[in-house]
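Structure, as structure tokens:
Read-outs throughout are calculated quantities, based only on the coordinates presented, and are distinct from any laboratory measurement. Model, not experiment: these values are computed from the prediction. Neighbour counts are summed over all protein chains in view; Cβ atoms, including those assigned to glycine, are modelled from backbone coordinates with ideal geometry.
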Amino acid sequence: MKKPMQNEHWGSRLGVVLAVSGSAVGLGNFLRFPAQAASNGGGAFMIPYLIALVAVAIPLASAEWALGRYGGRRGMHSPMGIYYVASGRRPFFGVCGGGLTFTAFVINMYYLFVESWCALYALQYLGGLLAPLGLGFSLFPNQAPGLSLDSAAAYQDAFLATTGATRDRALFGANGASVLGVFALCAIANFWLIYRGVSKGIERFCKAVAPLILICSIIIIFRVLTLDNPTGKEGQSLLDGLGFMWNPQNAAETLKKPSVWLAATSQIFFSTSICTSAVLCYGSYVQAKRDVALSSLTSTMTNEFCEVCLGGLMIVPPAIMFLGAAASEKIGSVFSLGFVILPNVFGQMPAGQFFGFAFFALLFFAAITSSISQLQPASAFLEEAFGWTRGKRVLAVALAELTGTFVVCWFTEGLVALDAFDFWSANFMPFLCALVQTTLIVFFLGRKKLRDELDSGAIIKTSKYVFPAIAFVSLPYLAIVFGFWLYGEFVNKCKEFAAKPGSLTSEIFLLAVFAALVIVSIFTVLRWKREERLGKEKGANL
Ligand code: PHE
């Protein structure tokens, strides 16, 4: 190989668990999950969700960590290199891995944008919180410090104005200055953390932020549990709120719909960050003799706790308690739930500016530990492909990410570009990745190598269950669900997107990104092959 890779490692076991949990716990837990559950049958959604957790997430997370470390020990940290070595140096898998680097890379293009909305909202609430001290400020155009408006429609308007969702290019006028400014700061923070490196940047930051996430969650949960029927109206008690989220209404009906299974499985991928290249890449920085078996399980379970217990409790129940039936219509939409309904709830709560601040600070901290994990695989990809220094890689990744975010910010009307980016990167690609990865593990890496890798440094012995679970449960489950997905949704979605110019441009852009990744991977893999041949010939001559 051209150049020995710099061998970076995590500093400690706690550090890697926090970094992977940080990657997993994010907007997916606090915004996407409640909205998905509420719009797919409430409590009934939890049945396919838990099945997907057991059938896919738990075995695949262990295998993904092990696969990552298998590659990392051989100097590979991106899916391209890891798939290549783990498949017994098969160019096909190397190129697949290169193409699949797309997932986290593209998710980041809009995730960073949404992360900056969270930062903007947190700062706006902080402005309101500081107002009594005479230090108030407002980042929302034409608005007093803080966020306390007089109607649901006003909250909706404030959201539309700050995100530019009313018309394309709206953000490039005077109104967009705050959101673009905050976005620039968030982007710089992300790129700087990646530039600092795995242990000095990502790991240290995740360790510092984890307590903040915990404190903000405790504040919000405590508030929610002590609310019980704040308006005194019928049907708006804590139990009604919890019931809306958790009661399995028409379970039999709900379970018959393939779309619910698809939603549950993609939620699992998005939320745990598996099959998105993030966990694979993080796993590759674990040292050879350190545990992966328990660590993978701990991170997956930490994510589930934050998603089901915290995310499930803190978002939908207060909306129902304050707004009753009026809230329930909009609860299925991820952004309305977080950025319209909840601000409306905080507006009606005593000390709402404080709770609003705590909530959006929580979202922001959870989001940033996820967004940095989306950047690392692309940086590792460039290292393997071109042998660039870290500075050069981060610069290239930053430029590519910002170009993608520019497309997202340009076509803001109805957030169509964001939707298209999300559909391809967060729904389509993880399924494809899961299928490629399970095939690789089952047919090419094989039972023995997987077991050895999982057992090396293991604190608990799970290795004997992982391979059969993947071969006999995950792979067939994924093939069936993906088959249904292609059959039921794919064509419709493509047609729907083709009808909107913003989506079409976004898709052309995404296709170009994918093609670039695949082309670079082909050249890299061919180079590796050539180098191996030369190495062998040299060996034979000696
Ligand atoms: N898991 C993160 C969340 O729940 C999102 C994410 C997706 C992170 C893909 C990394 C890779 O918000």
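About the Cα centre of the range 13-535, how large is the charge dipole given +1 on each Lys and Arg Cβ and -1 on each Asp and Glu Cβ? Please answer in debye to the nearest 20. Present the calculation step by step, with values, prior to reporting the outcome.
Numbers: 36 positive and 28 negative charges, 422 e Å.
For this selection, approximately 2020 debye.
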Inset, instruction - Would you work out which of GLY197, PHE335, TRP485 lies farthest towards the positive end of the dipole of the chain? Charges go on Cβ: Lys and Arg +1, Asp and Glu -1. - result: GLY197
Legend entry - Whichever aspartates and glutamates have a C-alpha closer than 14 Å to that of LYS529, once near sequence neighbours (fewer than 8 apart) are set aside: GLU384, GLU537
Legend entry - Magnitude of the charge dipole, the range 281-399, Cβ model with Lys/Arg +1 and Asp/Glu -1, debye to 20: 340 debye
Inset, instruction - Could you work out the relative contact order of the range 112-167, using alpha carbon pairs under 8 angstrom and six or more residues apart, expressed as a whole percent? - result: 25 percent
Inset, instruction - Indicate the helices, whole DSSP H runs only, in the chain that combine a mean Kyte-Doolittle hydropathy of -1.0 or more with a Cα extent along their long axis of 27 angstrom or more. - result: 102-130, 177-196, 204-225, 352-386, 390-410, 501-541
Inset, instruction - In whole angstrom, note down how far apart the Cα centers of the range 196-228 and the range 16-67 are. - result: 18 Å
Inset, instruction - Return, in residue-number order, each cysteine of the chain whose C-beta is not under 4.7 Å from any other cysteine's C-beta. - result: CYS96, CYS118, CYS186, CYS206, CYS216, CYS281, CYS306, CYS309, CYS409, CYS494
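Any chance you could run the full-extension gain for VAL473 through ALA499? It's 0.36 nm times the residue separation minus the Cα-Cα distance, nm to one decimal.
5.6 nm
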Legend entry - Percentage of interatomic Cα-Cα distances in the range 13-535 larger than 42 Å: 15 percent
Legend entry - Point-charge dipole on Cβ atoms (K/R +1, D/E -1) for the range 64-207, about Cα centre, debye to 20: 980 debye
Legend entry - Two-site label geometry, ASN142 and ARG73: point separation in nm, points 7 Å out along Cα→Cβ: 6.4 nm
Legend entry - Spacing of the two label points (7 Å from each Cα toward its C-beta) at ALA512 and ASN250, in nm: 4.4 nm
Legend entry - For the range 227-236, 3J(HN,Hα) per residue [Karplus equation, 6.51 cos²θ - 1.76 cosθ + 1.60, θ = phi - 60°, Hz, x = Gly/Pro]: 7, 4, 6, x, 9, x, 8, 4, x, 10
Inset, instruction - Please give, to one decimal in nm, the separation of the simple spin-label points placed at LYS392 and GLU234, each 7 Å out from Cα toward the Cβ. - result: 7.2 nm
Legend entry - Flagged links, alpha-carbon separation over 23 Å, of LYS289/LYS448; LYS200/LYS461; LYS207/LYS448: LYS200/LYS461; LYS207/LYS448
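Peptides 422-433, 98-109: what's the order by average Cβ count within 10 Å, highest mean first? Please report the intermediate quantities before stating the final value.
Values: 422-433: 22.4, 98-109: 27.7.
My ranking of the peptides, most packed first, is 98-109, 422-433.
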